[in-house]
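Below: the structure, in structure tokens.
Values in this text are rule-based calculations from the coordinates and carry no lab data. The structure presented is a predicted model; accordingly, all values stated were derived computationally and were not measured. As a convention, Cβ positions derive from the backbone with ideal geometry for all residues, glycine included, and neighbour counts pool all protein chains shown.
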Amino acid sequence: MIKKRKNRNLNSNQTSFYFEDFLETSRKNKISKKNSLIQDRIYLLFFLFFSLILIFSIRIIHVSLNKIEVFDKENVIGKILPIRRDIVDRNGTLISRNINSFHAAVNPKLINNKENFLLKLRLNFPELPTQKIEKKIKNGKYFYLKKRINQNDKEKFWSLGEKGIVFEPFQSRIYTHANLFSHIVGQVDYDNYGISGIEKYFDKELKDKSLLSQPFELTLDINIQHLISKELNKSLKTFDATGGAALLINVENGEILSLVSLPDFDINKRVSVKEKKYLNKITKGVYELGSIFKTFTIALAIDNNIVKPDTVIKNIPRSIKCSKHEISDLKKFPKNLSVQEILVRSSNIGTLLLARKIGEKKYKKFIEDARLLRSPDIQLEEVGNPIKFDWNKCKLETVSYGHGITTTPLQATAVYAALSNGGKIIKPNLVKSENKSYGNLISETTSKKINNMLRKVVTDDEGTAKLADVFGYNVGGKTGTSQNYRDKNNNLNTFISIFPSQAPKYALLIMLENPKVAKNLIYDYKGYKVKAFRNEAGWNSVYVAGKIIKKIGPILAIKNQDFNNQYVAKRSN
């Protein structure tokens, strides 16, 4: 019994032993697992740190091997593409371009010493209204200090060393020749939208993103424009005229090489130009142009086989009564004049008699075909509307010599281009494009006869345009002296020339408003040195045209006789 009990105790102890051994083993296992977890975390942290170090190392190597541009507002703006295309002349010379400019603004919150800031402004920019600026600073709101500053102003503002001055970038349109193309190119507003001239008419084309790298080419020639403008400005002083205009056009394709209207203005200055004297006299001005219409009448009479250049009109009266009005010539002419002499001497009565032979119906059709009573068809919005009139009593007679009818100088010159180029009515162009024709005005045969007669106006002793007879250029043309349609106290002297007359390529219009007799000017007239004694186109507009043709002739390559011969041969083929 005892023995068995011992065994039972032994078994009991054994069970207890094993129990104690299990707890110890479990504790050791737990410690081992805990140590393993700590090691895993260490490895993970090491891996993360290693990865970060590796990433930063790669980045540092990348930065060191590649050029990184530091952000700079001026640098960024400098690389922004222009939002309008360049405008250039026919030779590629720059006329207009967008550049990066700045407004000087003020952020009052960044100004530390306001009194010192205002003092600097007074010393460096005395023209600025410092009192108003002081109020704006006290208001604490962002405001413009000076808009559209130039580079000198920018540097002066920068030198003040004030953090409160902010240079706000924008794109500005500049015109490299200021006044020279003021009536053609036009302007843009502050948002770069065209508001006048070419800038407005071709606004969409000039802002076409796909064409920004391609300049917009005009038919104008800067060199010729400069020479004509310079000579015309001189003439205003010489003849004490209130205004003037000039137009040079290629009679074959209508390309305008020069268009000048004086007075002009600087298109770089964003100011409102409302005075009438600044309107584009060539395209928007509407005038009675006087005797230049006599060429139209005679051309129409010849083209309808009513007369020939040498046909003599006999017994021309000194005056003719038409309705309540009496029409007469300013000078005394022979009773018998050939058709050519009527044009050369500029006889009102002789022209009137030819118009009556033509008849109202045919004359009305000519005026309509010539588009003289329509708004000019040109790439500008600044165009005039000829005053409407009814074909009532005496209209045929007065229109025949250029009175009682208005048109623009552009349209009148375009008709002269048609009369001289073989009869083709061309569309005046400021932008190189396909040539556009409106049909024929007269026959080529009549055109050649008119060219010879216009040459006689310049070369004959009785001609009214002797002062335009510049050696080597074979100039032909017709004068016109008239009153301003809206103000009878003002006179208008016009001369439209064509050259070289044997095969015309160019037509040049010169117009002077209210010129006076140039008492101190000595003319070389028919080989004699004389002073002017009459205030007519032959003594001022013709004189100016001669001086201009002499200067621009070499550029147009028309003085060379070999060129003339080749050109005539080309035209005759």
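Quick look at the values:
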{"quantity": "Distance (nanometres) between label positions extended 7 Å along Cα→Cβ at ASN116 and LYS364", "calculated": "8.5"}
{"quantity": "Distance-filtered residues of the range 110-137 - backbone nitrogen under 11 Å, label point 7 angstrom along PHE143 Cα→Cβ", "calculated": "129-137"}
{"quantity": "Angle between the chain longest axis and helix 409-420 axis [Cα atoms, degrees, rounded to 10]", "calculated": "60"}
{"quantity": "Anchor LYS135: lysines whose Cα lies under 30 Å away (excluding residues fewer than 8 positions away in-chain)", "calculated": "LYS73, LYS109, LYS114, LYS120, LYS146, LYS147, LYS154, LYS156, LYS163, LYS269"}
{"quantity": "Dimensionless Rg/Rh of the chain - Kirkwood Rh, Rg from C-alpha atoms", "calculated": "1.44"}
{"quantity": "Prolate/oblate/rounded call for the range 77-217, Cα gyration tensor, a/c under 1.5 rounded", "calculated": "prolate"}
{"quantity": "Extension gain from TYR523 to ARG41, taking 0.36 nm per residue of separation minus the Cα-Cα distance", "calculated": "162.6 nm"}
{"quantity": "Computed E for CYS322/ARG534 - FRET, C-beta separation, R0 22 angstrom, nearest 0.05", "calculated": "0.25"}
{"quantity": "Residue order, fewest to most surrounding Cβ atoms within 10 angstrom, among LEU212, LEU289", "calculated": "LEU212, LEU289"}
{"quantity": "Neighbour-count ranking [beta-carbon atoms within 10 angstrom, fewest first] of ARG270, ARG345, ARG455", "calculated": "ARG270, ARG345, ARG455"}
{"quantity": "Gyration tensor (alpha-carbon) shape descriptor, the range 204-327, a/c threshold 1.5", "calculated": "prolate"}
{"quantity": "Neighbour-count order for ARG173, ARG534, fewest beta carbons within 10 angstrom listed first", "calculated": "ARG534, ARG173"}
{"quantity": "Reachable lysines from LYS529, criterion Cα separation under 16 angstrom, eight or more residues apart if same chain", "calculated": "LYS466, LYS519"}
{"quantity": "Inter-label distance for THR311 and ASN385, nm, one decimal - labels placed 7 Å from Cα along Cα-to-Cβ", "calculated": "3.8"}
{"quantity": "Positive-end residue, the chain charge dipole about Cα centroid, Cβ charges, pick of ILE61, ILE425, ALA301", "calculated": "ILE61"}
{"quantity": "At q = 0.16, 0.22 Å⁻¹, base-10 log of I(q)/I(0) for the range 122-177 (Debye sum, equal scatterers on each alpha carbon)", "calculated": "-0.59, -1.03"}
{"quantity": "Gained length - GLU155 relative to GLN214, 0.36 nm times residue gap less alpha-carbon distance", "calculated": "18.0 nm"}
{"quantity": "Antiparallel content of DSSP bridges confined to the chain, in %, to 5", "calculated": "95"}
{"quantity": "For the range 326-452, convex hull of alpha carbons as volume per residue, Å³", "calculated": "127"}
